[in-house]
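What follows is a set of notes on a single structure, which appears directly below.
Just so you know, all these numbers are worked out from the coordinates, no wet-lab data involved. As the structure is a computational prediction, the values presented were derived from the model and not from experiment. Here the Cβ positions follow ideal geometry from the backbone for every residue, glycine too, while neighbour counts run over all protein chains shown.
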Amino acid sequence: MRFGDIPGKLEMKTHLTQLVDTEKLPHAILMLGSQGSGKLAMALALSNYLQCENRQDGDACGKCNPCLKTAKFIHPDIHYAFPCGKIDKKKREDVTSQDFLAEWRSLLLKSPYFTFQDWREAMGDPSSLPNINVKECKSILHKLGLQTYENGYKIQIIWHAEYLRKEGNRLLKLIEEPTPNTILILIAESEDMLLNTIVSRCQIFKMKRFEDEEIKQYLESIGQTVISDQTYFMADGDLSSAIKYQLESLTEYSEMVIGWLRVGYQSHPDTLLPYVDKLAGLSRDQRQQFIHYMIHFFRQYLIYLYTKDHKRIRLSDKEKDAILKIAKIIDLEKARQILVKLEEGLVLLNRNINAKILFTKYTMDFGSILKPAAATAT
């Protein structure tokens, strides 16, 4: 992974390469940003640049021996740690990143813009909650305490460092007094979920969300020549989501939104149950995509309710027509309540809750939200 493989982010790339070239790169880095902002890709590109023997024009050459190894994620001095799930016939406290290194490399070789849920599925148990345990921290300390295999840096990348939790305290001495030529790169989405003792000892680099033009640049680089506006609207700067939406071809969901709300409002078994069966019959990815779409739709709807300005909302003309249809029924407070329900539902779907039960519950919840108070009381 080279800097040139990442669309945009020129300011960040320039800053990092200048720090390396002037030997001022801090030994402990925290890359913060939302999902799909390119944190992992930037960490991989920085690692490649650090190990490259023939840096050129602010990037790794991509041809020297360290670059070739780095491209396959097999460089012996670049180490990876990440949240791990359980393995059959092995105690949870004994499981480390080494047990899932093959799955990790496989995902990276496809794209460095995968999500945490993608990683859970790659481990084979999407319902489990991974963590970074004591044994992993001890392994990090051991590996970084050894001599380098080659003549470059020892680099440790910790992906989703939030999952270190209190075990992160075990790394404090390493962060404060690193061994020579050691670089520690922590990657996280939420600073609040990290120990203050960790955050205060790292230099923070905040990753901004991708611009539409940068998303277009990347999608075209992987052969996607026809990109719909809906991909940009739905992704909202999240490159991980943009790739998924584009490759899976977004379904036209605006009519389904109106249909689901109408069925909820009517709350009649003859229409409710068949519609729930329809939603539950979608594939797992389609169900998640549909809920993601509804969340996006209602966030844009709230913007419209606040501003009454069609130009400020990131929706297609057809979706804007749908907004006009519901504006007389769904006011600001009702829209907020529906959005809260949808965000809750997405979390539950990611935990593999029974889809039919979930869609039945939320259809009825929508009915309670949409009906006038007097009608609900009777």
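Computed from backbone phi, the HN-Hα couplings of the range 353-368 come to 5, 4, 5, 5, 5, 4, 5, 5, 4, 6, 4, 5, 4, 4, x, 5 Hz, rounded to whole numbers (Karplus: 6.51 cos²θ - 1.76 cosθ + 1.60, θ = phi - 60°; Gly and Pro given as x). Just so you know, the averaged projected area of the alpha carbon convex hull for the range 29-148 sits at 8.4 nm². Every Cα-Cα pair of the chain was included, and the share exceeding 41 Å stands at 23 percent. Each label was represented as a point 7 Å from its Cα along the Cα-to-Cβ direction; for D317 and C61 these points are 5.4 nm apart. Dipole check for the range 196-286: with +1 at the C-beta of Lys and Arg, -1 at the C-beta of Asp and Glu, and the Cα centre as origin, the magnitude is about 500 Debye. Charge dipole (Cα centre; +1 on Lys/Arg Cβ, -1 on Asp/Glu Cβ; no other charges) of the range 254-377 amounts to roughly 200 debye.
Kirkwood hydrodynamic radius computed over the range 281-330 comes to 11.7 Å, based on all pairs of distinct alpha carbons. Computed about its Cα centre, the charge dipole of the chain is approximately 720 debye, with only Lys, Arg, Asp and Glu carrying charge at their Cβ. Using the Stokes-Einstein relation with a Kirkwood hydrodynamic radius computed over Cα pairs, the translational diffusion coefficient of the range 3-208 at 10 °C and a viscosity of 1.306 mPa s comes to 92 µm²/s. State which entries of K9/K135; K110/K143; K69/K89; K208/K311; K9/K143; K216/K341 exceed 29 angstrom in Cα-Cα distance in the structure shown. Too far apart for the 29 Å limit: K9/K135; K69/K89; K9/K143; K216/K341. Taking label points 7 Å from Cα along the Cα-to-Cβ direction, N352 and K89 give a separation of 2.1 nm.
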